[in-house]
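Structure first, commentary second.
The values are calculated or read from the model by the stated rules, or taken from the named source; none is laboratory data. Owing to the predicted nature of the structure, the values given are computational and were not obtained by experimental measurement. Here Cβ is always computed from backbone atoms with ideal geometry, including for glycine, and neighbour counts include all displayed protein chains.
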Amino acid sequence: MIERRENIVHNIFTVLIYIESNIMFRVDIVEEAKEEIRNLFKTDENQAGRLFAVIEELSKNCVSIDDLTYPGFECKDFNVDAIWSIQNKMLRNMWRLKIFGFTKKAKFNLRYRVIYAPDYQRNTIHILGLMERDVNYEEDKEFIAEIIRRYDCLGLSKLPRA
């Protein structure tokens with residue numbers, strides 16, 4: 001069963017690389033975020049599968065990079081918002097996707113947010129990590145420090161001060 005999951009995850013990452021060959025922007029998943037997704041596949045295959053389906057759609061450029069950096073943008077699969085506390089206090093251009101799941105009767109939110117950063121110079125959206133929805137950005141200082149480290153390792157610029 002574990003080997004099957006690892007093959008699924010490997011195949012999904014391979015599909016994303018293939019899809020990225022003819023696109024307007026790339027979707028890059030940093031190594032640490034890939035590991036978080038692999039771990040999610042081990043614990044909750046349904047949540048991980050839905051999350052990856054949305055990432056795959058992003059890779060097909062179903063929305064523009066501008067949509068992914070527009071506060072309040074929403075489509076059938078997710079909504080977008082800036083992570084204001086990080087943008088205002090730490091000057092990093094970070095955003096989150098709140099991904100929707102569906103049953104026959106209702107739409108619901110997945111347990112995880114996707115944290116990402118746009119990179120206009122490389123025409124890339126970098127997926128930096130997953131954060132549980134019930135965790136407050138400002139309270140989980142360890143997670144935020146790690147996400148900031150991932151952002152800085154990519155060489156992304158800081159936001160200008162207002």
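Scanning the range 128-153 for residues that are touching a helix residue (DSSP H, G or I) at 6+ places or on another chain (Cβ under 6 Å) and assigned to a loop (DSSP other than H, G, I, E, B) returns Y137, E138.
Residues in the range 44-90 that are under 13 Å from the mean Cα position of the chain (by Cα), assigned to a helix (DSSP H, G or I) and at pLDDT 90 or above: L68, T69. When residues in the range 91-119 are screened for being at pLDDT below 90, surrounded by fewer than 19 Cβ atoms within 10 Å (Cβ to Cβ) and of a type outside the set (G, A, S), 9 of them pass.
Here is a check on your reading of the model: is D66 closer than 21 Å to A33 by Cα, charged (D, E, K, R) and free of Cβ contacts under 8 Å to residues at least 40 places away in the same chain? Step through it out loud before you land on a result.
Numbers: closer than 21 Å to A33 by Cα: no; charged (D, E, K, R): yes; free of Cβ contacts under 8 Å to residues at least 40 places away in the same chain: yes.
Here the answer is no, as D66 does not meet what is asked.
Select from the range 36-73 the residues that are of a type in the set (D, E) and over 15 Å from W95 (Cα atoms) and write down the one among them that is surrounded by the fewest Cβ atoms within 10 Å (Cβ to Cβ). Break it down stepwise before answering.
Within the range 36-73, the subset of a type in the set (D, E) is 36, 44-45, 56-57, 66-67.
Filter once more, so that each one left must be over 15 Å from W95 (Cα atoms): 36, 44-45, 56-57.
Numbers: E36: 22, D44: 15, E45: 13, E56: 15, E57: 17.
Only one residue tops the list, namely E45.
Here's a check for you: in the range 1-35, which residue that is modelled with pLDDT of 75 or more, surrounded by fewer than 18 Cβ atoms within 10 Å (Cβ to Cβ) and among the acidic types (D, E) is farthest from P118 (Cα to Cα)? Only one residue fits best here, namely E35.
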